[in-house]
Amino acid sequence: MTTGLCVSAKTKDSTTESVLDSKGYTGTLPDILDKFQTTKPEKGTPIFEAEEGFDDPDKLKPIPRDNPAFVDIILKKDKTSTYVNDINRIIPQLESLIDSIENNEDVQRFVAKATTFSFSVGALRKKFEGKPESYYISYEKLMQLALRAKSIAELRREGAEYNKYLAYQSAGAIYAPDNVNRELQYFMEECIEVLKVLREVD
């Protein structure tokens, strides 16, 4: 019995070996050591070239005020940043208002731009009234200029509408083209002065 078992085991082992031999890999394995060699660090070149005197305050470039993302993300997020961001939205409206006077645009366009400017300043007032920002010179100047924008827009609108009826009366002198143009020039000078103040807000 013992002999039978041994023969059976030997037969089984030889069969298993022949099966395993046919399933294995024959041939020589590729040399893959060169693919795992440590790489030498390469010298990198800086993305930005250093400029001479970059730390000189006189040579520093101004911040990109026309990019709200810079004001919101790069600058510290605080009340001042929010105020600056709002001022940056008003600056183009004020510039457009000045252009309207310089280019002698029609009454309708001027009134539309003056109204938009007044609404924006009104929104600024609601947001910062009673807060530290309401004591800024730029804030006070804007509030005064918004009132002037409303009055000059009303003057132009009424002048275009009533001048032909009041031209020969003393009450119509205020709507006379010369007077309206003079008031527009005064207003434009005020706009330019306030614009200078706004551009210095930081």
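Values quoted throughout were computed directly from the atomic coordinates according to the rules given, and no laboratory measurement underlies them. Predicted model, so just to flag it, every value in this text is computed and none were measured. A quick note on method: Cβ atoms are made from the backbone with ideal geometry, for glycine too, and the neighbour counts reach across all protein chains shown.
Taking each residue as 0.36 nm, the span from Thr82 to Val107 lengthens on full extension beyond its C-alpha to C-alpha distance by 5.7 nm.
Of the chymotrypsin sites (Phe, Trp or Tyr not before Pro) in region 98-202, the ones in a loop by DSSP (not H, G, I, E or B) with at most 10 other beta carbons within 10 Å are Tyr168. Quick one: grab the alpha carbon gyration tensor of region 87-202, order the square roots of its eigenvalues as a ≥ b ≥ c, and give me rounded if a/c is under 1.5, else prolate or oblate depending on whether a/b is larger than b/c. Cα axes put region 87-202 in the prolate bin.
Distance between the modelled labels on Ala160 and Glu200, one decimal in nanometres: 3.5 nm (7 Å Cα→Cβ projection). Other residues within the sphere of radius under 10 Å centred on the Cβ of Asp99, judged by their own Cβ, net out at -2 (K and R +1, D and E -1).
Given their separation in residues at 0.36 nm each and the Cα-Cα distance between them, Arg182 and Arg89 gain 30.6 nm when the chain is fully extended. In this calculation the C-beta distance from Asp99 to Ala173 is compared with R0 = 22 Å, giving a FRET efficiency of 0.15.
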